[in-house]
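One structure is given below, encoded as structure tokens.
The values are calculated or read from the model by the stated rules, or taken from the named source; none is laboratory data. For clarity, every value in this text was computed on a predicted model and none was experimentally measured. For neighbour counting, all protein chains shown are included, and Cβ atoms are generated from backbone atoms with ideal geometry for every residue, glycine included.
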Amino acid sequence: MSENHAATETTAESTAESTADTVAEAFERQRERLRAVAYRVLGSHADAEDVVQDAWLRLSQRDASEIGNLAGWLTTVVGRLSLDVLRTRQTHPVAPFDAGDAGQERLVVVAEGPLAPDEDAVLADSVGLALLVVLDSLGPNERLAFVLHDLFGVSFDEIGRILGKSADAAKMTASRARRKVREGDAPSADAREQRVVVDAFLAAARQGDFEGLLRVLDPEVKLSVETGAGTSVVLGATEVARGARLGAGSGRQGIRVYVDGLPGFMAFDPDGEAVSVMAFVVVNGLITEMHGLTDPARLARIRATMAFPGAAPSDAGGTGED
């Protein structure tokens, strides 16, 4: 091999590496925005991460020089991937505390530390947590069109291309979704307001205060608990309150947590092992849904990845999950 040929190959390799580095840097600048788009569409941090990573893999296999608008291209890819996930959910619904494929933990559980004044926007901003329950009632096309246009300003032309529809059809889809969102009941947007309701429930459970429990439970509240062997369901405020009162006096210690952005509580046994985690949906000052997890294997995985920013254990009341 001649010296000139070797030098040419070295230069080509160096240029390719430089281009790859530039593409990677450009993607990293878009990562947080793409994650936000995917999370608003999907309502799951784990699914959003999967979609963003898939978008990166697709970009890495493309000639980036052929992409005129990288941000727009990535938004389109994330939109299409998210739409695929939503459509798959319709065929194969995911349980609220579903572990994911091959035991991959999908729940994001964060211990609550002291809240700074600006943290409400992060934990429960009005276009995130406060809309997720309502967005779950939308069809895949409606949800994607609403999120991309109303929350991220994506044009109807681009949304139409993602949906395989005309711009006018995409506009009508977003309008229909917007109407449903306005008519629906969203959870309280303020994290502190939600936490007050959840704390009142836990205090009433700890004290065995049946009437106190009923005051914060929606009459049609639904409690579902994933045990590892299956899912148990309790319906109605009376039955949920009865179960919570029976658990009073257990003396369990616990900490406040956020479970995929929802206010929750994690309980521990005397040895410090997590025995349950519970997430609450609060609408108009009442608890409408409770999702519990007592599967030891999943709790161990969640506990191993948690950080505890100043959260101190407190007495935990029963919540009917035993």
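Which of the residues that make up the stretch 207-238 are surrounded by 16 or more Cβ atoms within 10 Å (Cβ to Cβ) and among the acidic types (Asp, Glu)? Result: ASP209, ASP218, GLU226.
Sort out which residues of the stretch 59-83 are surrounded by 15 or more Cβ atoms within 10 Å (Cβ to Cβ) and free of Cβ contacts under 8 Å to residues at least 24 places away in the same chain, and write them in order of number.
Taking the stretch 59-83 and keeping what is surrounded by 15 or more Cβ atoms within 10 Å (Cβ to Cβ), we get 59, 64, 67, 70, 73-83.
Within the stretch 59-83, ILE67, TRP73, VAL77 qualify.
Residues of the stretch 106-159 that are polar (S, T, N, Q) and either at pLDDT below 50 or crowded, with 16+ Cβ neighbours inside 10 Å (or both): SER126, ASN141.
Between ALA200, ALA241, the distinction of being within 17 Å of PHE265 (Cβ to Cβ), modelled with pLDDT of 90 or more and surrounded by 19 or more Cβ atoms within 10 Å (Cβ to Cβ) belongs to ALA241 only.
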